[in-house]
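Please read the structure below before turning to the comments.
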Amino acid sequence: MYLTKEEERILAGEFGEGTQKALELLVAIGDAYDAEKMIPISRAHAASSGQEGDLYFVELLADGGARCRVPTSTNPVYDIGYFHRLFDSIPEDEAEVARRVMEAYKRVGAILSWSCVPYLAENIPLHGENVAFSESSATPYVNSVIGARTNREAAQSALAAGVIGKAPEYGLLIRENRKGTHLVKVEAILKDEFDYTLLGYYVGKRIGYGIPVLTGILRQPSTEEFINFCAMSNVSGAISMFYMPGFTVEASTVEEAFQGDVPKDKITVTDHELRQACGELQTTSGGIDFVMLGCPHYTLKQLGDVARLLNGKKIHDGVSFWVCSSATAKVLAERNGYVGVIEKAGGHVVVDTCIDEPCWIAYKDKVGMTDSPKCAYYRRFKEVMVARLQDCVEAAIRGRWE
Amino acid sequence: MKSSEITLKCHKIIGGYGEGEALVSHEPICFYLTDPKTGVVRERSHELAGKILANKVLVFPSGKASSVVQIDGLFKLASHNVAPKALIVKDVETVLVVSAFLVKVPLVDRLEKDPFEIIRTGDFVKVDAEKCRVTIIRK
């Protein structure tokens, strides 16, 4: 790989050990993909987590004096103050990892967004920007809905790119690699956000790795519908980018999306496939102990939806009701009265928090409900049923789901 | 029986040197689905189920699963000193590079011959990533 004089000096350690390690990682990735050079990026999003591997790398950089050169936002860990006031069962060693991770991201000068949808508010790429965005919904959203360019980064490679302000030029940063691979004919009627969840789940599972081009979408998907499609297709599969010609920015026709090539494969999605996906996800019914919403983090609009469904209602005594969101969305939801309504009904709206963190240990032997297959996938709970938001709220009020 | 020895060129991704008994997997590997204290593969339907990754030279087609679990999985093996000594892969991706980088295990690909034809479980393999060389010794 070609390296500039400055990059060679970074590798020689002249800018400190933290910056050196960051570039060493990027060069290794570049070598793996035969990248010719590093190219500037304008921003990054590190999918930080309370995991030991993440802690090791961010502390290596922070202790070595590294600082982010471009805006670099962070994923949720958990709201330590909030959860430790409510629960005394969170293991101290895991809480310590979470504390140190959050502190180290602060030391490297990251934007402390603790949000998994940073592209909506805290760190928004523009069309055509080169960026390094990790996190399952973020990578495909940024590539497809916004039309910026990012590879499928890990937390560490995204942080390293934020520190150096560059990324190795390979994969989706190169136009020719952004062409569609699979044609997906959507014949199913997509009514709401949950239908996009099911569509994402099905397409990801069916294709695995690739760039689907979806046709037959009849109306402009909403922000939340796009988020759900992105999150689920990149969890059940590895979909870093997709096209919905007419609704995503980069190609206005199917031919353009395939860059003149023929699709590797064609699949059709009817109501039958979506019902089947729904059936796979709804494993049981009966009494529930908790409802978990906001994976990915709920937007202001979704907090409003929850408030409307809960207005004047009371959540069942035996059910804990959680909504995870970003700090920015919660501030506005408070101002609009949504948080008050949810809390009055007996629910919690928490910020900075991911479903896959030790703060939920009190629920490890409990049965819950969510509208997100991604939440169910983490297996932090005994059993998680997946259903529409309306059904989750109704079950929370009744204490059971039939 | 006479032992045979063959040395092949390879492409270095993460440098360093590692040697050990080869363990060949034809299926992708998720390090999270191993016992972090012993390195035993716990993924029931996997061809390596019950086998031990610790101190082996692992030959496998690619990684799999989400970045967070994959990286954390290899990191946990390394912190209990039961990580593989070297990784030989066919299809490398970003997450695997990050994983190997964090635990300082040599990672190579593009052997000049198909590793699945040349290397058998039980061979003794030396991976010298710095010199872009893999030596396979069969007893």
Checklist entry - Just one of the numbered conditions (1) of a type outside the set (Ser, Thr, Tyr); (2) more than 11 Å from the chain's Cα centre (by Cα); (3) within 29 Å of A:Gly50 (Cα to Cα) is not true of B:Pro84; which one? => result (2)
Item to check | Answer residue from region A:128-146, given it is within 14 Å of another protein chain (Cβ to nearest Cβ) and in contact with a His (Cβ under 8 Å, 6 or more places away or on another chain) and is farthest from A:Pro373 (Cα to Cα) among those | outcome: A:Ala132
Item to check | Output for region B:93-113, where each listed residue is more than 11 Å from every other protein chain (Cβ to nearest Cβ) and of a type in the set (Asp, Glu) | outcome: B:Glu112
Checklist outcome for this item: Over region B:66-92, the set of residues facing chain A (nearest Cβ under 8 Å) and assigned to a loop (DSSP other than H, G, I, E, B) is B:Ser66, B:Val92
Item to check | For B:Val59: the one exception among (1) in a helix (DSSP H, G or I); (2) farther than 12 Å from A:Gly53 by Cβ | outcome: (1)
Next on the checklist: Residues that are touching a strand residue (DSSP E or B) at 6+ places or on another chain (Cβ under 9 Å) and assigned by TED's automatic domain parsing to the domain that holds A:Glu135, at least 2 per element: which helices (runs of 4 or more DSSP H) completely within region A:1-97 meet that?
Outcome noted: A:17-32, A:52-63, A:80-86
Next on the checklist: Condition (residue is of a type outside the set (Phe, Trp, Tyr) and within 14 Å of chain A (Cβ to nearest Cβ)) applied to region B:114-127: is it met by at least one residue?
Outcome noted: no
Checklist entry - Under 7 Å by Cβ, and 6 or more places apart or on different chains, what pairs join a residue from region A:147-160 that is more than 10 Å from chain B (Cβ to nearest Cβ) and over 13 Å from A:Thr19 (Cα atoms) with one that is buried (at least 24 other Cβ atoms within 10 Å of the Cβ) and among the hydroxyl-bearing types (Ser, Thr, Tyr)? => result A:Thr150/A:Thr139
Checklist entry - Is it true that A:Lys21 is within 12 Å of chain B (Cβ to nearest Cβ), among the basic types (Lys, Arg) and either crowded, with 18+ Cβ neighbours inside 10 Å or more than 20 Å from A:Gly109 (Cα to Cα) (or both)? => result yes
Checklist entry - Among all residue pairs at least 6 apart or on different chains, which show Cβ distances below 7 Å where the first residue, located in region A:336-356, is without any contact (Cβ under 8 Å) to a residue 40 or more places away in the chain and the second is in a loop (DSSP other than H, G, I, E, B) and of a type outside the set (D, E, K, R)? => result A:Val341/A:Asn311; A:Ala345/A:Ile315; A:Gly346/A:Ile315
Next on the checklist: Just to be sure I understand, how many residues within region A:34-58 are more than 8 Å from chain B (Cβ to nearest Cβ) and either crowded, with 20+ Cβ neighbours inside 10 Å or without any contact (Cβ under 8 Å) to a residue 40 or more places away in the chain (or both)?
Outcome noted: 11
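The values are calculated or read from the model by the stated rules, or taken from the named source; none is laboratory data. In this text the structure is predicted, and so the values were computed from the model without any measurement. Here Cβ is always computed from backbone atoms with ideal geometry, including for glycine, and neighbour counts include all displayed protein chains.
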